[in-house]
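Structure record follows, encoded as structure tokens.
The values are calculated or read from the model by the stated rules, or taken from the named source; none is laboratory data. Quantities reported herein were computed from a predicted structural model and do not represent experimental measurements. Reconstructed Cβ throughout: ideal geometry from the backbone, glycine too, with neighbour counts over all protein chains shown.
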Amino acid sequence: MNHVAIVGVGQTHHQRRRADVNVPGLVREAALRALADANLTMDDIDSVVVASGPVLFAAVNQPEKWVVDALGARGKPVVRITSGGGTGFAGALAGYYQVSGGFAKRVLVVAYDKLSEGALQYSISSLYDPFWGREFAVGIMGFSAAYWRARMDVLGHTEEAAAHVVVKNLTNAQLNPFAHVRKNVTVEDVMNSAPLAWPIKLLDVPPISDGAAAVVLSTESLAAKSTQASAIIRGIAYCAEADNAPQRSMLMSEPLAQAARTVYRAAGITNPRRQLDVVEVQEPYSCFELSYYESLGLCSPGGAADLITSGATLRSGDIPVNASGGCLGANPIGAAGLIRLIEAAMQVTGRAGEHQIPGAKLAGAQTGGGWANLRGFAVVSAD
């Protein structure tokens with residue numbers, strides 16, 4: 001198997017509104033940082049993948065046309081990927097296939113969202129036609145609340161347990177220079193925040209961010225020519241299930257469990273709780289992180305509440321989750337999945353700064369998109 005290396009990473013300082021740049025400028029900012037990190041220029045890049053959310057998210061149609069000049073990608077193969085919340089990760093997967101399949105030696109993957117200029121709330125509140133969508137067009141928040149309610153009853157995913165996720169992630173975000181939200185909150189603050197769609201409350205919800213991220217993927221043989229601190233992708237998968245499948249479980253993310261099994265086999269992992277040093281997950285609401293613990297095999301079904309309240313997922317715990325602060329710290333949706341992969345790569349190469357987990361050599365990165373029906377996972381290691 002041809003392993004693929006992450007040889008350069010870059011991201012913007014995510015904010016609620018980046019009025020100082022347009023979309024091409026935002027993308028260029030992240031791409032130049034990734035290229036500089038890899039000690040490369042666009043002349044060294046064989047192919048480009050542009051990953052962005054649905055058109056309504058940032059209100060820019062066919063963004064790949066706008067960013068080609070900004071990247072200096074004229075004359076190069078350019079493809080655009082979109083996959084809802086998992087867009088950035090899907091872009092990385094597309095680049096991974098190009099390198100591992102021998103179609104390119106180095107691929108630049110860029111992902112972004114400029115949510116301050118789009119119609120995000122309209123988009124995520126009207127995803128389904130009420131006659132065809134069995135979720136009754138309740139929007140993603142109402143749909144997620146129903147999921148959480150089912151898990152609360154059967155698996156014990158309590159409001160208090162989810163509040164611990166918020167406290168942990170926002171505490172970690174204060175150590176991340178790229179994070180959008182940096183503030184101290186308590187479990188009581190979360191529990192008493194404004195109700196949105198019970199049991200989801202205001203502080204359970206990530207911010208809306210403008211931001212971009214980029215990675216340079218390379219063949220393993222060329223990695224050392226770019227950098228001495230590359231991360232190797234040991235396994236990567238992105239699985240789906242039908243949106244309206246009648247047998248679809250509300251208790252566990254089957255696509256994520258399937259993706260995790262595929263990746264663990266490829267990476268030789270038999271006990272993820274003990275073998276992984278740190279995990280990054282893309283939590284669209286706090287309650288989803290609890291579900292991901294179980295789907296990723298970090299605990300048994302019904303064990304997520306005990307795992308979070310035990311302190312195991314803290315930066316000081318035995319399986320730190322979202323040392324970067326996760327989406328609760330910064331949430332440019334189209335880039336969020338790629339940011340998880342970047343953070344995992346930074347951890348295993350010892351370059352995560354103040355939120356570095358000491359001795360981290362094997363890291364997981366999870367993503368999700370679509371109508372909670374697309375889930376991805378990857379494992380990266382030090383070279």
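Observations on the structure shown:
- Residues that are at pLDDT below 95 and of a type outside the set (Lys, Arg) within the range 13-39 comprise His13, His14, Gln15, Ala19, Asp20, Val21, Asn22, Val23, Pro24, Gly25, Leu26, Val27, listed in sequence order.
- Any hit, the range 151-169, residues being at pLDDT 95 or above and of a type in the set (Lys, Arg): yes
- Answer from Glu294, Glu343 - the residue that is acidic (Asp, Glu) and under 17 Å from the mean Cα position of the chain (by Cα): Glu343
- Here Arg80 passes the criteria (1) within 30 Å of Gly350 (Cβ to Cβ); (2) surrounded by 17 or more Cβ atoms within 10 Å (Cβ to Cβ) except the one numbered (1).
- Residues considered: Leu196, Leu251, Leu217, Leu202. Of these, the only one that is closer than 30 Å to Asp20 by Cβ and assigned by TED's automatic domain parsing to the domain that holds Val166 is Leu202.
- Of everything in the range 51-66 that is farther than 16 Å from Asp210 by Cα and in contact with a helix residue (DSSP H, G or I) (Cβ under 6 Å, 6 or more places away or on another chain), the residue that is modelled with the highest pLDDT is Trp66.
- Hits in the range 309-327 (condition: farther than 20 Å from Val379 by Cα and not in a helix (DSSP H, G or I)): Ser310, Gly311, Ser316
- The lone exception for Asp306 - which of (1) outside any loop (DSSP other than H, G, I, E, B); (2) buried (at least 20 other Cβ atoms within 10 Å of the Cβ) it fails: (2)
- Just one of the numbered conditions (1) at pLDDT 95 or above; (2) out of contact with any Cys (no Cβ under 7 Å at 6 or more places or on another chain); (3) hydrophobic (A, V, I, L, M, F, W, C) is not true of Leu307: (2).
Residues checked against (1) modelled with pLDDT under 95; (2) in a helix (DSSP H, G or I); (3) within 22 Å of Thr262 (Cβ to Cβ):
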position	(1), (2), (3)
Leu341	no, yes, yes
Ala344	no, yes, yes
Arg351	no, no, no
Pro358	no, no, no
Ala365	no, no, yes
Gly368	yes, no, yes
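- Out of Glu64, Glu29, sole residue that is farther than 20 Å from His180 by Cβ, in a helix (DSSP H, G or I) and outside the structural domain of Tyr285 (by TED's automatic domain parsing): Glu64
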